[in-house]
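Derivation of every value follows stated rules applied to the coordinates shown; laboratory data play no part. Please read all numbers here as calculations on a predicted model, not as lab measurements. For neighbour counting, all protein chains shown are included, and Cβ atoms are generated from backbone atoms with ideal geometry for every residue, glycine included.
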C-alpha cells in the first residue's frame, strides 16, 4: 500500500493522465463548465458539474458504479473576478441496502498525494459499507484542472538515489527543478498562493453545499487530518463527526515537528523489540547500532550498484546517514524487518537498505501535485522556525547523530531554500490555530509512525471535549487500511460518534519481528 501524507521528497505510485481526456465531455443537460483556467473566465459561485469518472492507470472497481463530475470553484476567493478551477469528484455508493443518510467525505494526505488511487484502500477498509463515500481531489491534484504536477521534481527524485542526500550538488539540482516547475506553472497563470489549506477547506464546504448534503462525516489522514481540522475550525456547519488518522495538527506542524515524530516512532519500535524475547535476545543493541551506522555512513557513504525491487537494470545508489534516516521514516522497509536490517548493516551487509533506496529510482512522472505540496509547506509549515531551531530539535531527538543529518528535517530536505524559490506568502498566523468545539472527534494513530508521532493526538484532543484517542500497536502511517481493529473502531465511531467501540484495541500486538541467524 502506498503511504501518502507527510511524504515530501519521496516517490508515490501511479502514472499521469491528461485531465481533459480523463474528465471527458459534459453530459447533456449539465451546466457547461468554464472554458479554461487561463484567467480569461470570471469566477462564479461554486457548482458541481456531473461527468464521467477519471480513467485511472489501473481500473478502480468502485468507480464503475460511482457518480462523478467536477466541482468548479474560484481559484482565489480573495480575488473576485479571478479564474475558475475544476476539482474531480467521485461519489461511491454504499454496500448496505439501508445506508445511513449522512455520507463520509475523505481528505487525502500529502499535501499533493494522488487521491483517487486511495479509493481501493478506503473501500477495503469499509468506508462505504453503511454510507456513501465522497472523494474529491484537492486543488491541483491529478484529474484536476489545473494539475500542479512537477515532472521536473519527479525526475530529480529518481536521480537523487545516486547522490549524497545533503550535498551542495544535490541541493542545486533540487532547487533547479523547483524553479523550473514554478516558472512553468506561473507562466500558465496559476496563482500559487491560492493553493493552501484555507482554500482547500472552503472547497470541501462548497462541495457539501453543491451536492445538497445536509450533514456529513469527515475522515482525513496525515495532511488530510490537518486539512480536516482547518475545515472543522472554519466551516463547522454540516459536520456530524470527524475522524483523524495519523494526526498532523495544524497548530504544531513545522520542520522541528518532523524530528519529534521520528524520535517517537523509533522509540516505540525499540520498546516493542525489547518486549519480544527473541528480538531482545537477537538484537540487544539496536539503538546503539543504528546510531553508529548513521554516523559512519554520513562520514563515509557507500556507493553501490543495486537492482531495484521492481526489476530492471542495477542503478547507482548512495547510502549515507541522511538516506538511512529517510528510509526509516518513510517505512521503506517493513517494520518487522527493521531490526534485522539495522543488525545486518552493522555487520557489513547493507542490502535491505540499499534495495529500498534503489526503489526510488523508479519514479512515476506527473502523478504527485508537487505544486500543492510546495505551496502548503512553504506558506504553512516552514515559516516561523529558523535553521538553527531545526538543528536544535534534531539534536534533542537524536543527540548521537551528526549535525549534517540533523540540520535537515527528515523527508523535508532544503525546505528553507525551496521556499525562497517558491515564494508564497507566510500563512502561519492563520493556520497555527488550535481547533476547538463540540463536534465528536476520533483520533487514530499507529505507534510505529515516524512521520506523525502518536502523542500529538493527545495534545490536540485536549481542546476537543468530545474526542477519543486510539493508538494501534505496531502500525505506521495511515493506520486504518492496515488494521482491521482500526477499521472496527472507525466504523463504530461513524455509527455512534459519542461512544466508539474500542474493545479490540487492548489485545492488539505488533507483527513479530524477523529474526535472522547470527
Report, for the chain, the % of DSSP beta bridges that are antiparallel, rounded to 5.
50 percent
Got the relative contact order for region 198-241 handy, in percent, Cα pairs under 8 Å and 6 or more residues apart?
50 percent
Going fewest to most other Cβ atoms within 10 Å around each Cβ, 337, 449, 183, 191 line up as 183, 337, 191, 449
Relative contact order of the chain, please, whole-number percent, based on alpha carbon pairs below 8 angstrom and at least 6 residues apart.
18 percent
How many angstrom lie between the C-alpha centres of region 354-407 and region 107-180?
15 Å
For a distance above 32 Å, tell me the whole-number percent of Cα pairs in the chain that qualify.
40 percent
Relative exposure of 73, 123, 95, judged by other C-beta atoms within 10 Å (fewest first):
95, 123, 73
With a ≥ b ≥ c from the Cα gyration tensor eigenvalues, square-rooted, and the rule rounded for a/c under 1.5, otherwise prolate when a/b > b/c and oblate otherwise, region 64-219 is oblate
Relative contact order (%) - region 412-518, alpha-carbon pairs under 8 angstrom, separation at least six
22 percent
Where a ≥ b ≥ c are root eigenvalues of the Cα gyration tensor, a/c under 1.5 meaning rounded, otherwise prolate if a/b exceeds b/c and oblate otherwise, region 196-293 counts as prolate
If you count, for each residue, the other Cβ atoms within 10 Å and average over each peptide, how do 45-52, 414-421, 354-361, 473-480 line up from highest to lowest?
473-480, 354-361, 414-421, 45-52
